[in-house]
Amino acid sequence: MSITGSASGNDNRGIRELGGEEKVGWDEVTQGVALNSFVGESENAAFLKPEERNYNDFNSYTATVASWRIIKPVYNRDICIDCQNCWVWCPDTSIISRDKQMLGIDYDHCKGCGVCVEVCPTNPKSLLMFGEKEDNDEALAGWPTKEKK
Ligand code: SF4
Ligand code: SF4
């Protein structure tokens, strides 16, 4: 997983699951085919961190959707209170949190919906949306100051 947004998708996605070297298109898959999310046993996957799980090539975790995004959330560690609101509400599981500490954004899977910014309770917010091309350091340098109520 990348926090900085490097692409992790690959052209071989699903080859193993959909017929070896003779790749089958998504519209040629027979009804009832089961595509497992993990290679081999998966019973303990829930207890592993995402980067420790053995995802198969067909799982969406191995693909990036970064190109779908036109705006992105930028995270400001200095203001964050680790309340985990953003982690709970993100519809794409793209907030990276470990041991109840917010670490950043998974830019490979974030779609730029802005929900995390809406639910962030700090003043100013610890997450703000910026244009996709905006440099994160520049965004942080121009962060708004606390608003008087
Ligand atoms: S912008 Fe949306 S998808 Fe991206 S981290 Fe925030 S809530 Fe998740
Ligand atoms: S919602 Fe805001 S304050 Fe809470 S963990 Fe996320 S970034 Fe930090």
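The values are calculated or read from the model by the stated rules, or taken from the named source; none is laboratory data. Because the structure is predicted, anything quoted here is derived from the model rather than measured. As a convention, Cβ positions derive from the backbone with ideal geometry for all residues, glycine included, and neighbour counts pool all protein chains shown. Note: accessible area is taken over every heavy atom of the protein model, side chains too, but ligands, DNA and RNA are not part of it. Shrake-Rupley method; radii C 1.70, N 1.55, O 1.52, S 1.80 Å.
One table, with the values for the structure above:
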quantity: Lone qualifier among ALA63, ALA46 - being within 16 Å of ligand 1 (Cβ to nearest atom) and farther than 22 Å from PHE130 by Cα; calculated: ALA63
quantity: Any hit, region 75-84, residues being free of Cβ contacts under 8 Å to residues at least 40 places away in the same chain and within 16 Å of the chain's Cα centre (by Cα); calculated: yes
quantity: Given (1) within 13 Å of ligand 2 (Cβ to nearest atom); (2) outside any strand (DSSP E or B); (3) surrounded by 14 or more Cβ atoms within 10 Å (Cβ to Cβ), number of the condition LEU128 does not satisfy; calculated: (2)
quantity: Matching residues in region 109-125 - criterion: being more than 12 Å from LYS72 (Cβ to Cβ) and either open to solvent by less than 20 Å² (accessible area, probe 1.4 Å) or more than 9 Å from ligand 1 (Cβ to nearest atom) (or both); calculated: CYS120, PRO121, THR122, ASN123, PRO124, LYS125
quantity: Odd one out for GLY142, checked against (1) within 17 Å of the chain's Cα centre (by Cα); (2) more than 16 Å from ligand 2 (Cβ to nearest atom); (3) at pLDDT 90 or above; calculated: (1)
quantity: Yes/no for ARG69 being basic (Lys, Arg) and within 17 Å of the chain's Cα centre (by Cα); calculated: yes
quantity: Candidate set: region 1-57, residues that are part of a helix (DSSP H, G or I) and exposed (fewer than 11 other Cβ atoms within 10 Å of the Cβ); chosen: the one modelled with the lowest pLDDT; calculated: TRP26
quantity: The one condition in (1) within 24 Å of SER60 (Cα to Cα); (2) within 14 Å of ligand 2 (Cβ to nearest atom); (3) assigned to a loop (DSSP other than H, G, I, E, B) that CYS116 fails to fulfil; calculated: (3)
quantity: SER94 vs. criteria among the small types (Gly, Ala, Ser) and either near ligand 1 (Cβ under 10 Å from one of its atoms) or under 16 Å from PRO50 (Cα atoms) (or both); calculated: yes
quantity: Subset of region 62-102 that is open to solvent by 60 Å² or more (accessible area, probe 1.4 Å) and aromatic (Phe, Trp, Tyr) - its residue that is nearest to ligand 2 (Cβ to nearest atom); calculated: TRP87
quantity: Condition broken by ASN54, with the remaining ones in (1) out of contact with any Pro (no Cβ under 9 Å at 6 or more places or on another chain); (2) within 24 Å of LEU128 (Cα to Cα); (3) not aromatic (Phe, Trp, Tyr) satisfied; calculated: (2)
